Amino acid sequence: MKPYSNLLAGALGGLLVLVAGSILISTDVIETGDTKTVVERSAVTRPASDDGEGRTVADIYKDEGRGVVFVRAEGVSEGSSLFGTQEGTATGSGFLVDADGTIVTNAHVVDGADKVTVSFEEDGEPIDAEVKGRDTSTDLAVLKIDADQVGEARPLPLGDSKAATVGDPVVAIGNPFGFTRTVTTGIVSAVAREIQAPNGFQIADVIQTDASINPGNSGGPLLDAEGRVIGINSQIATGGTGSSGSVGIGFAVPVNTAKKLLPQLRQGRDIERAYLGVRTATVTAEAADELDLARDSGALLDEVTKDGPADDAGLRDGDLVVQIEGKTIADSQDLVDAVAAEKPGDRIEIVFYRGDDRRTERVELGERPDEITSGDSPDEDGGGLLPQP
């Protein structure tokens, strides 16, 4: 069971986000950043919607582009970005989601910042922004500016990331390398990816795109053919050691995740998540045969965190989970989803095999820790934490 690791590049001012995966669970990772008034040439001049009446890139840039902001964070954690934060200052992107001045961006863009400002125009006056809420487990943050500072900017409409399919045209707007409000185009290259959040846990249902995004695009919107936000650009794949530019593989946190957390983040409430305390691997027929497992599907417990909820309930490395609360667990993602549907303190029934012996245990879920530290086991998301270079 070998982890899939992709090169990870931190966006300007962002936390270094590394990729990791557990046995047989592929977790693609990597990085993104920031953007100037430049419209890149693209073969796609008119995104095609299902009815063939998609808006042009120029239309989307003109209308939705006004709600994209340049984010500047001062006093950020030194060394949090692979690209090097100068004098504790990081830059990135964000976008308006409410006329009251609510802005969504990446958590790693504003991590540890003493002061955050945003601007709507290339040479616009910096506007003080308050970090209302931050969730490193999804790399999302919510900023707030005074409503009277919004001016003519319009909130961007939020779409449905679940509706995104491979091949759909997309538009990215942001501030790569400090070039404010740059627009690039591409397609949805893949869906249901997993990337690693700044705290080491996995972000699920991520959208992969070949739209050119670079350091500084972090926190900016990925839009569909109708100008609706379907993702928040967060990471890019890089070409190798010393490379920080786009190679056509970018990742966006699904907007459905943002919509779910937005009410809590804008109120500054902590996001609590249930925690099982295991690293898992999806079972294949080949693996089941090689390991002499009782079933050829399920979530194999590769590692059970010492003194975690699963360990306290008696689960062990090598156990094969096949059911949680009466729901079939066919793979590791099923286990992740089942745990995510619960709350800390809930007691869940887990059915598993130990060898050929079918067993049932009730597990009291804990609360997910703030981060995975060096030497800790990954959680039920199945991700590991690679050492930072």
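The values are calculated or read from the model by the stated rules, or taken from the named source; none is laboratory data. Since we're looking at a predicted model, the values are computed, not measured. When we count neighbours, we look across all protein chains shown, and the Cβ atoms used for this are built from the backbone with ideal geometry, even at glycine.
Structure notes:
- Residue satisfying all of: in region 189-201; touching a Ser or Thr at 6+ places or on another chain (Cβ under 6 Å) and not charged (D, E, K, R); surrounded by the fewest Cβ atoms within 10 Å (Cβ to Cβ) among these: Ser189
- Matching residues in region 153-164 - criterion: being under 17 Å from Ala204 (Cβ atoms) and in a loop (DSSP other than H, G, I, E, B): Asp160, Ala164
- Among (1) surrounded by fewer than 20 Cβ atoms within 10 Å (Cβ to Cβ); (2) modelled with pLDDT of 95 or more; (3) among the small types (Gly, Ala, Ser) - the single one Ala310 does not satisfy: (1)
- Residue count for region 190-236 under the criterion of being more than 11 Å from the chain's Cα centre (by Cα) and of a type in the set (Val, Ile, Thr): the result is 6.
- In region 283-303, the residues that are farther than 15 Å from Tyr353 by Cα and of a type in the set (Val, Ile, Thr): Thr284
- Enumeration of residues in region 115-140 that are in a strand (DSSP E or B) and of a type in the set (Gly, Ala, Ser): Ser119, Ala129, Gly133
- Meeting the requirement of 1 or more residues that are closer than 25 Å to Glu371 by Cα, the strands (runs of 3 or more DSSP E) wholly within region 166-244 are 182-196, 202-209, 229-236.
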